[in-house]
1. Could you give the alpha-carbon Rg of chain B over 2.2 N^0.38 Å, rounded to two decimals?
2. Could I get the Rg over Rh figure for segment A:289-328? Both from C-alpha atoms, Rh via Kirkwood, rounded to two places.
3. Helix-only mean residue ellipticity at 222 nm, the protein assembly as shown, DSSP H runs n ≥ 4 weighted -39,500 (n - 2.57), per residue, nearest 500. What is it?
4. Per-residue mean of other chain beta-carbon atoms within 10 angstrom of the beta-carbon, peptide A:279-288?
5. Taking N as the number of residues in the protein assembly as shown, what value does Rg over Cα atoms divided by 2.2 N^0.38 Å take?
6. Skipping prolines and chain starts, which residues have an amide H placed within reach, meaning under 5 Å, of the one on residue A:56, given they are 5 or more residues away or on another chain?
7. Can you pull the three principal axis extents for the Cα set of segment A:1-43, in Å, largest first?
8. What is the percent of Cα-Cα separations in segment B:251-325 that go past 15 Å?
There are 2 protein chains.
Amino acid sequence: MDIGDLAERVAQGERRALARAITLVESARPDHRDHAAALLDSLPKDRQALRIGLSGTPGVGKSTFIESFGMMLVAQGLKVAVLAVDPSSTRSGGSILGDKTRMDRLSRAKGAFIRPSPSQTHLGGVARRSREAVALCEGAGFDVILIETVGVGQSETVVAQMADIFLLLLAPAGGDELQGVKRGIMEIADIILINKADGDLRAAATRTCADYTGALRLLRKRPQDPPGYPKAMMVSALQEAGLNDVWAELSALTEWRKTNGFWDATRSEQARYWFEQEVRNTLLSQLESTAARHMLAILGAQVASGDMTPSVAAERFLTDLKNSNASKS
Amino acid sequence: MDIGDLAERVAQGERRALARAITLVESARPDHRDHAAALLDSLPKDRQALRIGLSGTPGVGKSTFIESFGMMLVAQGLKVAVLAVDPSSTRSGGSILGDKTRMDRLSRAKGAFIRPSPSQTHLGGVARRSREAVALCEGAGFDVILIETVGVGQSETVVAQMADIFLLLLAPAGGDELQGVKRGIMEIADIILINKADGDLRAAATRTCADYTGALRLLRKRPQDPPGYPKAMMVSALQEAGLNDVWAELSALTEWRKTNGFWDATRSEQARYWFEQEVRNTLLSQLESTAARHMLAILGAQVASGDMTPSVAAERFLTDLKNSNASKS
């Protein structure tokens, strides 16, 4: 594989080369991993996209929002990439169609690129691949990268570690309930968007927006927030209303963070975080070989039956692992 | 160090030998770790204590409960050990006095043994040491081991992995609020004890107990629960009321689980869990040497400044680590 050539074509923004490069970083094969590292290392380092994390539970209109918002940006001449991070996804590479169908116009737009979540059962694997796909899109010269995730649990935290700005999309709620949004997710969000502020739901959206404005005021102030942030806003992805305002807010927030040094500081911290995660995950990946799993099962059974203490079994396992590593190298 | 002699004296229930053995398993020195593993391996394997996990936020009367409940057990001729698991604790070995003062009578009782939390900043370290201290107390012939933790976050999950039965201690609440007890902790508890069911708080305790009885009914049924479990009960640790009932319930639950095979199955699963945790923690502990921290800091700075990608830096770090391990062995 000619990595230099692939890197060049990715840097020129060729979508087919980008798709191929993402497939490469998603591969678990050791030789592919080496190629992926070389590829990532040879991308242009001077390009920065606006990386937007986007979360919201199924049914709040995430796909419609991405389609409308993405089309608006594309109409302004911006290049937009959409990536999904969903560790629970069982979608294979062949079902890209699924995502493209959800975002029919955007998937056909020149200047847009849509890629579904890599299929993987554990978050760690999805996280690294997604972070590298973000880097590839950035190297390919995209202006805006939307990183979409489902609003369930830890994947938000992971996406926040690869995003410059985090949006939380919510549906209008009845009464004064706050939809059980986890405090942790509220604390990650820079802007909460109340979607479906149209038709019969407009009044409810106004109330929900006011509720969240109040709730956000109770959160601890973060250093990276200008006055008035985090904030809640209303949009209608269906009627394409309020999208310009969202873009204006994102631009203003970006500008403020860049001017005040938080933009670079956050990116530096994120890079350091991913470095340390990769070190940890690689060390633990030794436990996933067939031989290691086999040995873990055998010693685990002896520990479970009381024939061996956990400490003695762990020591025996680690000694064997070290010896088998030594004999390999 | 004569480990055979120490093991023998621990097995005879000598409290000074037990204290010394716990200090040994709490040590991070490699030679101490080897001694600790040998010690744990040479303890009598046929002794089983009733290991009771106990959680409750500060102010619910945990120390008073342990004191009263422990004294009741000691009066019945049972040997009682009390261990604390508190990863946030900055207490050093010298402040055992703190715990002993909290439990004045119990600390002076013959047949009781009290040990505070090992001082350590991360839960993983505290967890392993505490689990090994539990094994030492069991090997020393204690009948009941109370493993106390504060009601904040992950430490409950860790204590549940070393306990046969888990108690959650709560104070009477006003109205129908459920005191913001996390669902995860509710799901761990076998028995919820509403303490302070005395004086002015008796009526509130009755209401709170009814509320929790209702809330527990909504939880998913676990296979290891006999009919009517998990349950909520009232006690007054101060007036020493209801303690006999708690003991009767614990004994009945123990009996049921032993008869129905859940007791042994849980212990087997726990041992397997600790084995795998120890393997993982040992692999990751390579990152904690001075040399490794130094290299992580240097490479981390290069990643943060954008001079190196996280993947390339991780690979460089891991190659260096492997070489330094190889040159050591």
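1. Relative to the rule-of-thumb radius for its length, chain B sits at 1.12.
2. Over the Cα atoms of segment A:289-328, Rg/Rh equals 1.01.
3. Taking each H run of at least 4 residues, the total per residue is -17000 deg cm²/dmol.
4. For this peptide, the per-residue mean of nearby foreign Cβ atoms is 5.
5. 1.10
6. So residue A:56 has HN proximity to A:149, A:151, A:169.
7. 27, 16, 15
8. The share of Cα pairs beyond 15 Å in segment B:251-325 comes to 69 percent.
We did not get these values from a lab; they are worked out from the coordinates using the rules stated. Small disclaimer: the values here were computed from a predicted structure and weren't measured. Every residue, glycine among them, receives a Cβ derived from its backbone with ideal geometry; neighbour counts consider all protein chains shown.
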